[in-house]
1. Using a simple spin-label model with points 7 Å from Cα along the Cα→Cβ vector, what separation in nm is obtained for residue 192 and residue 133?
2. Sort 151, 79 by Cβ crowding within 10 Å, fewest neighbours at the top.
3. To the nearest 20 debye, what charge dipole does region 130-200 have about its Cα centre, counting +1 at the Cβ of each Lys and Arg and -1 at the Cβ of each Asp and Glu?
4. Enumerate the residues in region 128-161 having an amide nitrogen under 20 Å from the point lying 7 Å beyond the Cα of residue 238 toward its Cβ.
5. How large, in Å, is region 136-260 by the Kirkwood hydrodynamic radius built from its alpha-carbon pairs?
Amino acid sequence: MNVAQIREMLAELQLDAVIESSRTKYFQDALQELLDQPQMLDSQEADLSSLAAAIERLALEVDDSEEARASLFDGAFLCRRLDDLSQIDERKRVLHYFYLSVDALLAGRRAELRMLLQDDQQLYDLDFTRLSSDWLDELLLRVAHSFILLCRKDGGWADVQAAVSEIEALRHLQREKRDAMLQRARNDQSVSGLLITRFNLAKIVDLSARYTINGEPADALLQIDRHISNITEILDLQPEPEVSHFADLLTAGARQLVRSSVWFNTRRLGARIRDFVNALTDTARNAPLLELWPSQRTALGSSLLDPAKRAIVVEMPTSAGKTLIAEFRSFKPLH
């Protein structure tokens, strides 16, 4: 009996989901042991990058438990954070921080991520033409770098605008390199597919950046899904394992950026609330509010602004965003 037949049999017996759940639980337990004893990972012999990639792949497959998924991404984040960067080149450094950023977003470690991204200033003074002599690889690195900027969000709007500008620059570079790429495509038909894949990746970052700025397009999540669908179709025909993993993580990270946006979490709360959000996100503010913490999203997604509620009790840890929740609540009589 081959693997396909075994899978078919398990599906017929409705056991495939049980096995998948057991596999996830086993991996979670093993991962928890590592989290409890981080010294086990603090070794030059440990291939932390490969371990993190394996955990990420499993996390991406988990769709029945947000808690389990977040726990796995937390493990991947720990592995990448402990990885030794002293011996890697700038190209690998960019990709390292891209993967670290996605892991942190999906593990709920945004504050820690921002500190890490602000500490490594080498990451923001890069000559991409020197990092890679191949245009297709340069495209991938520029997309990764744009996403890192979106996650750092330093200087108010500065990083977000820089990410949008970087994607715009890609369009100009595409026009400059068009003739050379057309000639390359004539000699190698696979180049067209590889190029389309990269520009779909760039579009995913562009969508999440523009949604962060003004909440548009309203169907950003749907458009992101369309672009990853385009990418998947091409990669099924022209497999690129590294790009496939990159694309899956980029999509998960971009979706999380959209879902964490203040625009997404207030999109159904009425015109007066939207006016308040416009004020919070004004480009003239030194520290605009671009996203909400998980506890704030939970509060806004519950009955916080329900006009029928005369009293609301909010219990949140220190520095979890209670003041903003109270400000939103103050709009209830006007809502």
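1. 2.8
2. Working: 151 23, 79 27.
Ascending number of Cβ neighbours within 10 Å: 151, 79.
3. Working: 11 positive and 10 negative charges, 29 e Å.
For this selection, approximately 140 debye.
4. Answer for this model: 132-144.
5. Working: mean 1/r = 0.0673 Å⁻¹.
Result for region 136-260, one decimal place: 14.8 Å.
Since every read-out is calculated from the coordinates, none of them should be taken as a lab result. Bear in mind the structure is a predicted one, so any value in this text is a computation, not a measurement. Neighbour counts run over all protein chains shown; Cβ positions are idealised from the backbone, glycine included.
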